[in-house]
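These notes are about the structure you will find just below.
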Amino acid sequence: MSKEIKPKRRDFLFTATYTIGAVGLGSAIWPLVHQMNPDSSVKALLTTEVDISNVEVGKTITVLWRGKPIFIKRRTPKEIEEAAKVDLKDLKDPQKDSDRAKNPEWLVMVGVCTHLGCVPLGDKGEFKGWFCPCHGSHYDSSGRIRKGPAPKNLEIPKYEFVDSNTIKIG
Amino acid sequence: MNETKYIPKSKLGQWLDSRLPLLTLSHHLQSYPTPKNLNYWWTFGGILTFCLITQIITGLVLAMHYVAHVDHAFQSIEHIMRDVNYGWLIRYVHANGASMFFLAVYIHIFRSLFYGSYKTPREVIWIIGLIIYILMMATAFMGYVLPWGQMSFWGATVITNLFSAIPLIGESITTWLWGGYSVDNPTLNRFYSLHYLLPFLTFGLVILHIWALHVPGNNNPIGIDVKKNNNETMPFHPYMVMKDIFALLVFIAVFLWFVFFAPNVLGHPDNYIEANPLVTPAHIVPEWYLLPFYAILRAIPSKLGGVIFMFAAIFILMLLPWLDTSKVRSAVFRPIYKKLFWVLVFTVILLGYLGAKPPEGIYLILSRVATAYYFIHFLILLPMLGRYEKTDPLPMSISDPVLDKPGVLDKFKKVASKYEGENVSSFK
């Protein structure tokens, strides 16, 4: 053990060759892997503007953004109140309602269950919010996960009010 | 291989064989020694090869008419069903062929479990077989997406979302798999490409599977090693070939019953509705052959946990040759294992049933019990049995269990005496 093994010139050449080979192979494989990521035409569709002037109180409209449904719900005062007074300790993924809705009247969420991607049904479930029929996740009137296998609240996309009647998603 | 060196008779044959030993290979495949006590459970290897070839041929033909684009896929399937000459037949054979393929592979796998075919020296055959099984599931899943019906779309969504459970990189992986931010046209396109590729990889693995089988030779219902030079084996051709062909014909009869009389009974009616990313069907179910794993996925009340257990249920089988520590292969001589085998069969069928039911109430409780038992069987019961089970004595030869029965030899001699003069001496 005490005998020191001195690297030879040949060892250096082998290591250098393997390294260059690995870099070359890696750079040849990367384009083949990366071509599967979203392409430019997919990325070009990243924002959608929605006219919300016709949505009545208590109704939800569903629009498509990046191929996913977006729920835009005009909540009733009662729903807003209920969502606000939930104790954060009761939540699996604690989040205040005020952090989820810029304007409490309008709830804008990605309508995709955070479990395995089904579209939850509105006005259903044990918490008067959404219910996912695939594997039984219950969301409340703020779209927060309350019961079932889903790990997270319904996702809030990036959005802004362009004017009082238009929301820009993305 | 163990046979004597083969030399082709003709000059041309010798010329070819010394350059590429195809004739030697063909001779080996024909004279390959098989244990003479193989029963009909051993015919499913041949049946599975038939299934794979049927899928490749019908798939090749369907690809001539199918269009992998979200705007045309659903229509092109209807085009195949209504306009293409015999398109309905070819598509129904392909769709039901997938189910028949899985039916056969499950029988084949349970055959191995009962007779201990995965045990030394056949571990590599077993592992290659499991890789084939996993490839089959991937291929079947992607094939089911191609018609772009509601079940196609939402099945694809649920299964690809399994990967989003992986911490940190999960989201990037699903985006990469989709080629976008949801299941869409890029996803359909790549699934089509891979659905075409995987069967050929499977075919390559089947060759390795058979190659690995031909090194130690077949296991057999008694599970003891066969003495090759002691009249305990028969050449594969014509003896096993004939038996395989008979079993295959019976299997084809069942297959065609589905194709002609119940072509949609194994499918889901929702897949005749075109995919709609805004509406999830009330009740998503995978194809029947994936249901046991789906039940395990839903039994665990955590996203990552469910995914881990589901994959573990498959990969645990890879460790089976080492989890089952019993030296005795065949369940025939393992009184306790024989019972546990049937309990496992029941558990898997129960999980399949539960996978088709909504995940609530008694169904959820039963799924959890069955999932727990599935893992207990492999991780606790099998290793313990190897230590504590008292196995029955093994016969010295595969002939003994037949010849040792009282009166068998007398009966045999009596039959033989009828054929006096016709080579009786060779019977003894």
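Rule-based calculations on the coordinates, nothing more; no lab input. Model, not experiment: these values are computed from the prediction. All Cβ positions, even for glycine, are placed from backbone atoms using ideal geometry, and neighbour counts span all protein chains on display.
The table that follows gives values for the structure above.
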read-out	value
Per-peptide average of other Cβ atoms within 10 Å, ordering A:75-82, A:128-135, B:30-37 highest first	A:128-135, B:30-37, A:75-82
Stokes-Einstein diffusion coefficient of region A:1-93, Kirkwood radius over Cα pairs, 4 °C, 1.567 mPa s, in µm²/s	63
Residue list for region A:79-108, given a label point 7 angstrom along the Cα-to-Cβ vector of A:S53 and an amide N cut-off under 19 Å	A:106
For region B:176-181, 3J(HN,Hα) per residue [Karplus equation, 6.51 cos²θ - 1.76 cosθ + 1.60, θ = phi - 60°, Hz, x = Gly/Pro]	5, 5, 7, x, x, 10
With Cα atoms, 0 to 90° folded angle of helix B:185-214 axis to chain B main axis	10
Rg/Rh (Cα only; Kirkwood hydrodynamic radius) as it applies to region B:1-149	1.11
Built amide H within the under 5 Å cut-off of A:Y159, gap 5+	A:G170
Label-point separation in nm, A:K89 to A:K102, each point 7 Å along Cα→Cβ	3.4
Computed magnitude of the charge dipole of the protein assembly as shown (debye, nearest 20; Cβ of K, R +1, Cβ of D, E -1)	2020
Local electrostatic count at B:G143 - Lys and Arg +1, Asp and Glu -1, tallied over other residues with Cβ under 14 Å	+1
Rg/Rg_ref, the protein assembly as shown, where Rg_ref = 2.2 N^0.38 Å and atoms are Cα	1.21
Theoretical FRET efficiency, 1/(1+(r/R0)^6), r = Cβ-Cβ of A:Y18 and A:K124, R0 60 Å, to 0.05	0.55
Amide proton proximity set for A:V112, modelled H, under 5 Å, gap of 5+	A:E155
Cβ crowding within 10 Å averaged over residues, with B:370-378, B:6-14 ranked highest first	B:370-378, B:6-14
Dipole of chain B [Lys/Arg +1, Asp/Glu -1 at C-beta], most positive-end residue of B:G116, B:N161, B:Q150	B:G116
For region B:247-294, alpha-carbon Rg over 2.2 N^0.38 Å	1.54
Region A:68-170: Rg to Rh, with Rh as the Kirkwood radius over Cα pairs	0.94
Residues B:I365 and B:L319, FRET efficiency given R0 of 35 Å [Cβ-Cβ distance, rounded to 0.05]	0.80
Vicinal HN-Hα couplings computed from phi for region A:54-61 (Karplus, 6.51 cos²θ - 1.76 cosθ + 1.60; Hz; Gly/Pro x)	8, 7, 7, 4, x, 9, 10, 10
Förster-model FRET efficiency, 45 Å R0, B:D404 and B:L20, C-beta, rounded to 0.05	0.40
Two-site label geometry, B:S193 and A:M36: point separation in nm, points 7 Å out along Cα→Cβ	0.9
Zero-based 5 Å bins, Cα pair distances in region B:167-215, whole percents	5, 18, 15, 13, 12, 12, 10, 8, 5, 1
Cut-off 14 Å (backbone N to label point 7 Å along Cα→Cβ of B:M81), residues of region B:274-314	B:274-275
For chain B, the fraction of alpha-carbon pairs in successive 20 Å shells from zero, as %	21, 50, 25, 4, 0
Label-point separation, A:T62 to B:V67 (7 Å along Cα→Cβ), nm	2.7
Residues with amide H under 5 Å from that of A:L121, placed H, sequence gap 5 or more	A:F131, A:C132
Alpha carbon centroid spacing (whole Å) that separates region A:50-113 from region B:1-40	72
